[in-house]
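Undergrad: Handing you this structure, nothing more for now.
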Amino acid sequence: MKALLKVAEGPGHLELREVPDPVPGPGQVVVKVSATGICGSDLHIQDDEYKVVPPVVIGHETAGTVAAVGAGATHWRPGDRVTSRTTISTCGRCDLCRSGRTNLCPERRFLGGHVDGGFAEYFVVPEASLLALPAQVSFEAAAVTEPLACCVHGVLELAQPAAGSLVAVSGPGPIGLLCAQAARAAGASIVVLGTSADDARFALARRLGFDLLVDVQRHDPVEAVQHLASGRAPDLVIEAAGAAGSLDQCLRLAPRGGTVLQIGLYGKPVPASMDTLVLKELRLLGSFSSTPTAWPHALELIASGAVQTEPLVTSKRPLTQWQEAFADARRKAEGKILLVPSS
Ligand SMILES: [Zn+2]
Ligand SMILES: [Zn+2]
(Lines give C-alpha, C1' and ligand atoms only; values in the text may rest on other atoms or scores of the structure.)
(Ligands and ions follow the chains in the order given, each with its own letter.)
Protein backbone atom coordinates (compact mmCIF):
# COMPACT_ATOMS: atom_id res chain seq x y z
CA MET A 1 0.00 0.00 0.00
CA LYS A 2 0.98 3.64 -0.34
CA ALA A 3 1.79 5.45 2.91
CA LEU A 4 3.20 8.84 3.91
CA LEU A 5 6.18 8.34 6.22
CA LYS A 6 8.54 10.47 8.23
CA VAL A 7 11.58 8.53 7.09
CA ALA A 8 14.31 10.19 9.18
CA GLU A 9 14.85 12.87 11.83
CA GLY A 10 15.37 16.44 10.71
CA PRO A 11 13.36 18.99 8.73
CA GLY A 12 11.49 17.48 5.79
CA HIS A 13 12.06 13.76 5.26
CA LEU A 14 8.42 13.05 4.45
CA GLU A 15 8.02 10.51 1.65
CA LEU A 16 5.17 8.64 0.05
CA ARG A 17 6.38 5.07 -0.07
CA GLU A 18 5.14 1.64 -0.95
CA VAL A 19 4.99 -0.43 2.28
CA PRO A 20 3.53 -3.86 3.13
CA ASP A 21 -0.17 -3.98 4.09
CA PRO A 22 -0.46 -4.33 7.89
CA VAL A 23 -1.48 -7.69 9.32
CA PRO A 24 -3.41 -7.82 12.62
CA GLY A 25 -1.54 -9.43 15.52
CA PRO A 26 -3.33 -10.88 18.55
CA GLY A 27 -5.84 -8.36 19.93
CA GLN A 28 -5.32 -6.02 17.00
CA VAL A 29 -7.60 -4.68 14.30
CA VAL A 30 -6.74 -3.46 10.80
CA VAL A 31 -8.71 -0.41 9.66
CA LYS A 32 -9.22 0.54 6.01
CA VAL A 33 -8.84 4.33 5.97
CA SER A 34 -11.64 6.45 4.52
CA ALA A 35 -10.07 9.83 5.28
CA THR A 36 -7.33 11.30 7.45
CA GLY A 37 -7.04 15.00 8.31
CA ILE A 38 -3.90 17.11 8.14
CA CYS A 39 -3.21 18.46 11.64
CA GLY A 40 -1.06 21.43 12.59
CA SER A 41 1.14 18.93 14.42
CA ASP A 42 1.75 17.07 11.12
CA LEU A 43 3.22 20.31 9.77
CA HIS A 44 5.38 20.55 12.90
CA ILE A 45 6.43 16.92 12.31
CA GLN A 46 7.40 17.85 8.75
CA ASP A 47 9.50 20.73 10.14
CA ASP A 48 10.91 18.46 12.88
CA GLU A 49 9.55 20.77 15.58
CA TYR A 50 7.37 17.98 16.93
CA LYS A 51 9.25 14.75 17.52
CA VAL A 52 8.24 11.35 16.27
CA VAL A 53 10.13 8.09 15.93
CA PRO A 54 10.99 7.50 12.25
CA PRO A 55 10.46 5.63 10.09
CA VAL A 56 6.75 5.94 10.85
CA VAL A 57 3.57 6.49 8.85
CA ILE A 58 2.15 9.79 10.12
CA GLY A 59 -1.51 10.89 10.37
CA HIS A 60 -3.69 10.60 13.46
CA GLU A 61 -7.03 12.25 12.58
CA THR A 62 -8.58 9.29 10.89
CA ALA A 63 -11.74 7.31 10.29
CA GLY A 64 -12.52 4.18 8.35
CA THR A 65 -13.86 0.65 8.32
CA VAL A 66 -12.64 -2.46 10.10
CA ALA A 67 -10.95 -4.63 7.45
CA ALA A 68 -9.45 -7.51 9.47
CA VAL A 69 -9.50 -8.69 13.08
CA GLY A 70 -6.65 -10.50 14.86
CA ALA A 71 -6.91 -13.52 17.15
CA GLY A 72 -8.65 -12.71 20.42
CA ALA A 73 -9.97 -9.31 19.27
CA THR A 74 -13.63 -9.84 20.03
CA HIS A 75 -15.21 -6.38 19.90
CA TRP A 76 -15.07 -5.67 16.17
CA ARG A 77 -16.17 -7.15 12.88
CA PRO A 78 -15.13 -6.35 9.33
CA GLY A 79 -17.29 -3.49 8.06
CA ASP A 80 -17.65 -1.71 11.43
CA ARG A 81 -17.25 2.07 11.04
CA VAL A 82 -14.62 3.39 13.45
CA THR A 83 -12.19 6.08 14.50
CA SER A 84 -9.08 5.51 16.62
CA ARG A 85 -7.83 7.23 19.71
CA THR A 86 -4.34 8.67 19.21
CA THR A 87 -2.88 7.25 22.44
CA ILE A 88 -2.05 3.66 21.55
CA SER A 89 -0.19 2.62 24.69
CA THR A 90 1.01 4.01 28.03
CA CYS A 91 2.87 2.50 30.98
CA GLY A 92 -0.36 2.05 32.95
CA ARG A 93 1.54 2.35 36.25
CA CYS A 94 2.63 5.97 36.70
CA ASP A 95 0.63 8.48 38.76
CA LEU A 96 -0.53 10.22 35.59
CA CYS A 97 -1.83 6.98 34.09
CA ARG A 98 -3.52 6.06 37.37
CA SER A 99 -5.30 9.40 37.54
CA GLY A 100 -6.59 9.12 33.95
CA ARG A 101 -4.11 11.63 32.51
CA THR A 102 -2.70 9.09 30.06
CA ASN A 103 -2.00 11.90 27.57
CA LEU A 104 0.89 12.90 29.86
CA CYS A 105 2.41 9.45 30.51
CA PRO A 106 6.15 9.65 29.72
CA GLU A 107 5.86 6.32 27.94
CA ARG A 108 2.87 7.32 25.82
CA ARG A 109 3.07 6.01 22.25
CA PHE A 110 0.78 7.61 19.74
CA LEU A 111 -0.73 6.89 16.35
CA GLY A 112 1.16 8.61 13.58
CA GLY A 113 4.19 9.25 15.80
CA HIS A 114 5.39 5.97 17.31
CA VAL A 115 2.83 3.67 15.73
CA ASP A 116 2.06 3.75 11.98
CA GLY A 117 -0.85 6.11 11.40
CA GLY A 118 -3.59 7.06 9.01
CA PHE A 119 -1.93 8.62 5.96
CA ALA A 120 -2.10 5.19 4.32
CA GLU A 121 -4.63 2.74 2.94
CA TYR A 122 -4.66 0.75 6.19
CA PHE A 123 -3.43 1.00 9.77
CA VAL A 124 -3.39 -1.50 12.63
CA VAL A 125 -4.14 -0.73 16.29
CA PRO A 126 -5.10 -2.60 19.48
CA GLU A 127 -8.85 -3.15 19.50
CA ALA A 128 -9.28 -1.01 22.63
CA SER A 129 -8.08 2.05 20.68
CA LEU A 130 -11.12 2.03 18.42
CA LEU A 131 -14.48 3.72 18.93
CA ALA A 132 -17.62 2.95 16.90
CA LEU A 133 -19.06 5.78 14.83
CA PRO A 134 -22.70 6.64 15.47
CA ALA A 135 -24.75 5.90 12.33
CA GLN A 136 -25.40 9.57 11.54
CA VAL A 137 -21.70 10.54 11.71
CA SER A 138 -20.02 10.49 8.28
CA PHE A 139 -16.39 9.47 7.78
CA GLU A 140 -15.57 13.10 6.93
CA ALA A 141 -17.14 14.32 10.17
CA ALA A 142 -15.48 11.48 12.11
CA ALA A 143 -11.99 12.26 10.78
CA VAL A 144 -12.28 15.44 12.85
CA THR A 145 -13.04 13.54 16.09
CA GLU A 146 -9.39 13.70 17.19
CA PRO A 147 -8.98 17.48 17.09
CA LEU A 148 -12.40 17.81 18.72
CA ALA A 149 -11.32 15.39 21.48
CA CYS A 150 -8.29 17.66 22.08
CA CYS A 151 -10.62 20.66 22.35
CA VAL A 152 -13.06 18.80 24.59
CA HIS A 153 -10.13 17.96 26.85
CA GLY A 154 -8.82 21.53 26.94
CA VAL A 155 -12.07 23.44 27.07
CA LEU A 156 -14.53 21.15 28.84
CA GLU A 157 -12.23 19.01 31.01
CA LEU A 158 -9.56 21.57 31.96
CA ALA A 159 -10.91 25.13 31.58
CA GLN A 160 -14.61 24.31 32.18
CA PRO A 161 -16.33 27.57 31.15
CA ALA A 162 -19.60 28.10 33.03
CA ALA A 163 -22.95 28.47 31.28
CA GLY A 164 -23.48 32.15 30.55
CA SER A 165 -19.77 32.97 30.60
CA LEU A 166 -17.92 34.84 27.84
CA VAL A 167 -15.16 32.99 25.99
CA ALA A 168 -12.72 34.64 23.56
CA VAL A 169 -10.99 32.38 21.03
CA SER A 170 -7.83 33.63 19.33
CA GLY A 171 -7.38 31.82 16.00
CA PRO A 172 -10.30 30.84 13.75
CA GLY A 173 -8.65 27.71 12.30
CA PRO A 174 -10.11 24.24 12.83
CA ILE A 175 -8.90 24.03 16.45
CA GLY A 176 -10.23 27.49 17.30
CA LEU A 177 -13.63 26.78 15.75
CA LEU A 178 -13.85 23.41 17.52
CA CYS A 179 -12.95 25.03 20.87
CA ALA A 180 -15.53 27.73 20.17
CA GLN A 181 -18.21 25.12 19.48
CA ALA A 182 -17.27 23.07 22.55
CA ALA A 183 -17.50 26.19 24.74
CA ARG A 184 -20.83 27.12 23.13
CA ALA A 185 -22.10 23.60 23.87
CA ALA A 186 -21.31 24.36 27.54
CA GLY A 187 -23.53 27.44 27.33
CA ALA A 188 -20.86 30.13 26.85
CA SER A 189 -21.06 33.13 24.50
CA ILE A 190 -18.18 33.30 22.05
CA VAL A 191 -16.00 35.99 20.47
CA VAL A 192 -13.58 34.79 17.77
CA LEU A 193 -10.41 36.76 16.96
CA GLY A 194 -8.22 36.45 13.89
CA THR A 195 -6.17 38.46 11.42
CA SER A 196 -6.90 39.88 7.99
CA ALA A 197 -5.44 36.65 6.53
CA ASP A 198 -8.32 34.75 8.14
CA ASP A 199 -11.13 36.01 5.88
CA ALA A 200 -12.13 32.55 4.66
CA ARG A 201 -12.00 31.23 8.21
CA PHE A 202 -14.15 34.09 9.50
CA ALA A 203 -16.70 33.17 6.82
CA LEU A 204 -16.63 29.60 8.11
CA ALA A 205 -17.08 30.89 11.68
CA ARG A 206 -20.16 32.82 10.52
CA ARG A 207 -21.60 29.72 8.88
CA LEU A 208 -21.16 27.91 12.20
CA GLY A 209 -23.25 30.62 13.86
CA PHE A 210 -20.51 32.78 15.38
CA ASP A 211 -21.18 36.44 14.67
CA LEU A 212 -18.93 38.18 17.22
CA LEU A 213 -15.74 38.29 15.13
CA VAL A 214 -12.71 40.56 15.54
CA ASP A 215 -10.00 41.23 12.94
CA VAL A 216 -7.16 42.23 15.28
CA GLN A 217 -5.31 44.00 12.48
CA ARG A 218 -8.21 46.39 12.01
CA HIS A 219 -9.35 46.77 15.63
CA ASP A 220 -7.70 46.80 19.02
CA PRO A 221 -8.66 43.35 20.37
CA VAL A 222 -9.34 44.44 23.95
CA GLU A 223 -11.56 47.36 22.92
CA ALA A 224 -13.28 45.35 20.20
CA VAL A 225 -14.17 42.47 22.55
CA GLN A 226 -15.45 44.89 25.16
CA HIS A 227 -17.51 46.66 22.53
CA LEU A 228 -19.02 43.43 21.15
CA ALA A 229 -19.70 42.04 24.63
CA SER A 230 -21.26 45.24 26.00
CA GLY A 231 -18.38 45.98 28.33
CA ARG A 232 -17.80 42.45 29.58
CA ALA A 233 -14.34 40.93 29.68
CA PRO A 234 -13.91 37.29 28.67
CA ASP A 235 -14.03 34.80 31.56
CA LEU A 236 -11.85 32.46 29.50
CA VAL A 237 -9.43 33.25 26.67
CA ILE A 238 -8.37 30.39 24.40
CA GLU A 239 -5.11 30.63 22.43
CA ALA A 240 -5.75 28.42 19.40
CA ALA A 241 -3.62 30.18 16.77
CA GLY A 242 -0.15 29.10 17.82
CA ALA A 243 1.05 32.29 16.12
CA ALA A 244 3.54 34.82 17.44
CA GLY A 245 1.69 37.74 19.02
CA SER A 246 -1.42 35.74 19.80
CA LEU A 247 -0.36 34.67 23.29
CA ASP A 248 0.50 38.22 24.34
CA GLN A 249 -2.84 39.36 22.97
CA CYS A 250 -4.60 36.63 24.97
CA LEU A 251 -2.84 37.75 28.17
CA ARG A 252 -4.04 41.29 27.44
CA LEU A 253 -7.60 40.11 26.76
CA ALA A 254 -7.94 38.15 29.98
CA PRO A 255 -9.33 40.13 32.92
CA ARG A 256 -7.73 40.22 36.38
CA GLY A 257 -7.93 36.75 37.88
CA GLY A 258 -8.87 35.29 34.49
CA THR A 259 -7.77 32.17 32.67
CA VAL A 260 -5.92 31.62 29.39
CA LEU A 261 -6.07 28.17 27.84
CA GLN A 262 -3.08 27.42 25.61
CA ILE A 263 -4.02 24.78 23.02
CA GLY A 264 -2.10 26.05 19.96
CA LEU A 265 1.45 24.80 19.33
CA TYR A 266 4.03 27.37 18.20
CA GLY A 267 6.95 25.10 17.33
CA LYS A 268 9.31 27.69 18.85
CA PRO A 269 9.59 30.11 21.81
CA VAL A 270 7.28 33.12 21.55
CA PRO A 271 7.53 36.57 23.18
CA ALA A 272 4.80 37.39 25.68
CA SER A 273 4.53 39.73 28.66
CA MET A 274 4.79 37.54 31.74
CA ASP A 275 4.41 40.69 33.85
CA THR A 276 0.82 40.86 32.58
CA LEU A 277 0.35 37.31 33.85
CA VAL A 278 1.72 38.26 37.26
CA LEU A 279 0.01 41.62 37.65
CA LYS A 280 -3.40 40.23 36.74
CA GLU A 281 -2.80 36.92 38.54
CA LEU A 282 -3.83 34.97 35.46
CA ARG A 283 -4.02 31.22 35.23
CA LEU A 284 -2.23 29.94 32.11
CA LEU A 285 -3.46 26.42 31.37
CA GLY A 286 -1.67 24.16 28.90
CA SER A 287 -3.68 21.50 27.16
CA PHE A 288 -2.05 18.59 25.37
CA SER A 289 -3.72 16.01 23.16
CA SER A 290 -6.69 14.19 24.69
CA THR A 291 -7.73 11.88 27.49
CA PRO A 292 -9.66 8.63 26.90
CA THR A 293 -12.81 10.28 28.30
CA ALA A 294 -12.71 13.14 25.80
CA TRP A 295 -13.28 10.79 22.83
CA PRO A 296 -16.79 9.46 23.56
CA HIS A 297 -17.72 13.00 24.62
CA ALA A 298 -16.47 14.35 21.27
CA LEU A 299 -18.42 11.72 19.32
CA GLU A 300 -21.58 12.54 21.32
CA LEU A 301 -21.18 16.25 20.51
CA ILE A 302 -20.81 15.45 16.79
CA ALA A 303 -23.72 12.96 16.78
CA SER A 304 -26.06 15.39 18.57
CA GLY A 305 -25.14 18.24 16.22
CA ALA A 306 -23.93 20.41 19.13
CA VAL A 307 -20.57 20.52 17.36
CA GLN A 308 -20.43 20.50 13.56
CA THR A 309 -17.21 19.08 12.21
CA GLU A 310 -18.13 18.48 8.57
CA PRO A 311 -18.27 22.18 7.59
CA LEU A 312 -14.68 22.51 8.82
CA VAL A 313 -13.57 20.12 6.08
CA THR A 314 -12.84 22.38 3.13
CA SER A 315 -11.21 19.85 0.83
CA LYS A 316 -10.50 16.18 0.23
CA ARG A 317 -7.39 15.31 -1.75
CA PRO A 318 -5.79 12.06 -2.86
CA LEU A 319 -2.90 10.95 -0.63
CA THR A 320 -0.62 11.18 -3.68
CA GLN A 321 -1.14 14.98 -3.63
CA TRP A 322 0.03 15.28 -0.02
CA GLN A 323 2.76 17.83 -0.79
CA GLU A 324 0.38 20.37 -2.27
CA ALA A 325 -2.14 19.66 0.51
CA PHE A 326 0.46 20.21 3.25
CA ALA A 327 1.54 23.47 1.58
CA ASP A 328 -2.10 24.62 1.44
CA ALA A 329 -2.60 23.68 5.12
CA ARG A 330 0.22 26.09 5.96
CA ARG A 331 -1.38 28.93 4.05
CA LYS A 332 -4.33 29.04 6.45
CA ALA A 333 -6.71 29.75 3.58
CA GLU A 334 -8.50 26.50 4.28
CA GLY A 335 -10.18 24.71 7.13
CA LYS A 336 -9.43 21.02 7.62
CA ILE A 337 -7.91 19.25 4.61
CA LEU A 338 -8.52 15.50 4.43
CA LEU A 339 -6.27 13.08 2.56
CA VAL A 340 -7.96 10.09 1.00
CA PRO A 341 -5.93 6.94 0.21
CA SER A 342 -5.36 6.69 -3.49
CA SER A 343 -6.38 3.48 -5.21
ZN1 LIG B 1 -4.41 16.45 15.45
ZN1 LIG C 1 2.10 6.12 32.61
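Undergrad: For residue 113, which of the numbered conditions (1) more than 15 Å from ligand 1 (Cβ to nearest atom); (2) assigned by TED's automatic domain parsing to the domain that holds residue 36 fails to hold?
TA: (1)
Undergrad: In the range 126-157, which residues are away from ligand 1 (no atom under 16 Å from the Cβ) and of a type in the set (Val, Ile, Thr)?
TA: Across the range 126-157, the qualifying residue is only 137.
Undergrad: Go through (1) open to solvent by 10 Å² or more (accessible area, probe 1.4 Å); (2) closer than 23 Å to residue 241 by Cβ; (3) not assigned by TED's automatic domain parsing to the domain that holds residue 187 one by one and return the number of the condition residue 107 breaks.
TA: Result: residue 107 fails condition (2) only.
Undergrad: Just checking: which of the strands (runs of 3 or more DSSP E) contained wholly in the range 1-105 hold 1 or more residues that are at pLDDT 95 or above and more than 16 Å from ligand 2 (Cβ to nearest atom)?
TA: Passing ranges, in order: 2-6, 14-18, 28-37, 61-69, 81-84.
Undergrad: Quick one: what pairs do we get from the range 64-81, first residue touching a residue at least 12 places away in the same chain (Cβ under 8 Å) and closer than 14 Å to residue 126 by Cα, second open to solvent by 70 Å² or more (accessible area, probe 1.4 Å) and not in a loop (DSSP other than H, G, I, E, B), C-beta under 7 Å, 6+ apart or different chains?
TA: 67/32
Undergrad: Residue 30 versus (1) farther than 28 Å from residue 323 by Cα; (2) more than 14 Å from ligand 1 (Cβ to nearest atom): which is the lone unmet condition?
TA: All conditions are met except number (1).
The values are calculated or read from the model by the stated rules, or taken from the named source; none is laboratory data. Just so it is clear, the structure is predicted and the values come from calculations on it, not from any experiment. A quick note on method: Cβ atoms are made from the backbone with ideal geometry, for glycine too, and the neighbour counts reach across all protein chains shown. When the accessible area is computed, the model is the full protein with side chains, heavy atoms only, and any ligands, DNA or RNA have been set aside. Shrake-Rupley method; radii C 1.70, N 1.55, O 1.52, S 1.80 Å.
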